[in-house]
Amino acid sequence: AMQGTGSQVLALGHSMGSFFGFAYDGIIQDQATIDALNAKANAANKPRYDGTLRPGHLLIRAVDNSGHIDNNDRVILGSPAPDLIGGFTSTVNWKGISLYTHFGFQIGGKKLFQKSLQNMPNQLTGVVDYNIYNRWNVDNPSATLPAMYIGDGVYKTTKIDLHSAANLRLQELRIGYE
């Protein structure tokens, strides 16, 4: 298992600043699954598999087969390094008017945005999009985002927090007249 601190690490064979976190195997659907996971943890002399689990939480993978989740279960999740960076320019002239554009682009690479799975604090304050309609619940068991419980802590860093950094942006626009 890999060791490191924070959500980005230096690791041999991976891009500098690769994202480090936990792999997961879907969303826990019922209490029976939680009971089975906790039984595995108890067999490994640990009180619980992964803190206080509830149906709808992410099923974090114990990659070291220890029967419980700890920092030894973290893995490389992705790279911030783009596959390709480039740009292009264009100038158009018509009846004395010129238009110059410069575009830049990036293909590949990931960005970490840990607000994707932000849960509601114990009291509802501030304006935050909690993605409520895309969350797991008993009526939406095939959702791709875990359930939201008031007072739950911040979820562990997973691939859900990684988003494509691919982009095309207009870097410069110049209009001239002669």
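Miscellaneous remarks
- Neighbour cut-off at most 14 other Cβ (10 Å), DSSP loop, trypsin sites (Lys or Arg not before Pro), the range 1-75: ARG48
- Relative to the Cα centre, the charge distribution of the chain, modelled as +1 at Lys and Arg Cβ and -1 at Asp and Glu Cβ, gives a dipole magnitude of about 260 debye.
- Choice from GLY17, GLY109, GLY153 showing the highest fluctuation, given a GNM over the chain with Cα pairs closer than 10 Å: GLY153
- Which listed pairs, of LYS40/LYS111; LYS40/LYS156; LYS111/LYS156, have C-alpha distances above 24 Å, in listed order: LYS40/LYS111
- What the phi angles of the range 25-42 give under the Karplus curve with 6.51, -1.76 and 1.60, with θ = phi - 60°, is a coupling list of 10, x, 10, 5, 8, 7, 5, 4, 5, 4, 4, 5, 5, 5, 5, 4, 5, 4 Hz, glycine and proline written as x.
- Estimated dipole of the range 47-109 in Debye, rounded to 20 [Cβ of Lys and Arg +1, of Asp and Glu -1, Cα centre]: 280 debye
- Calculated FRET value between ALA11 and ALA44, using beta carbons and R₀ = 25 Å, to 0.05: 0.40
- Within the listed set LEU37, LEU112, LEU12, the Gaussian network model of the chain (springs between alpha-carbon atoms below 10 Å) gives the highest mean-square fluctuation for LEU12.
- Ranking of LEU173, LEU162 by solvent-accessible surface, largest first: LEU173, LEU162 (1.4 Å probe, protein heavy atoms only, all chains present).
- In this structure the amide hydrogen of LEU77, modeled in the peptide plane, comes within under 5 Å of the amide hydrogens of PHE19, PHE20, GLY21, none closer than 5 places in sequence on its chain.
- Of TYR24, TYR155, the residue with the largest accessible area leads and the full order is TYR24, TYR155 (1.4 Å probe).
- At 1.567 mPa s and 4 °C, Stokes D of the range 1-96 from Kirkwood alpha-carbon radius, µm² per second: 80 µm²/s
- Fraction of antiparallel bridges per DSSP, the chain only, in percent to nearest 5: 95 percent
The values are calculated or read from the model by the stated rules, or taken from the named source; none is laboratory data. Since we're looking at a predicted model, the values are computed, not measured. Note that we place each Cβ from the backbone using ideal geometry, even for glycine, and neighbour counts take in every protein chain shown. To get the accessible areas, we keep the full protein, side chains included, count just its heavy atoms, and leave off ligands, DNA and RNA. Shrake-Rupley method; radii C 1.70, N 1.55, O 1.52, S 1.80 Å.
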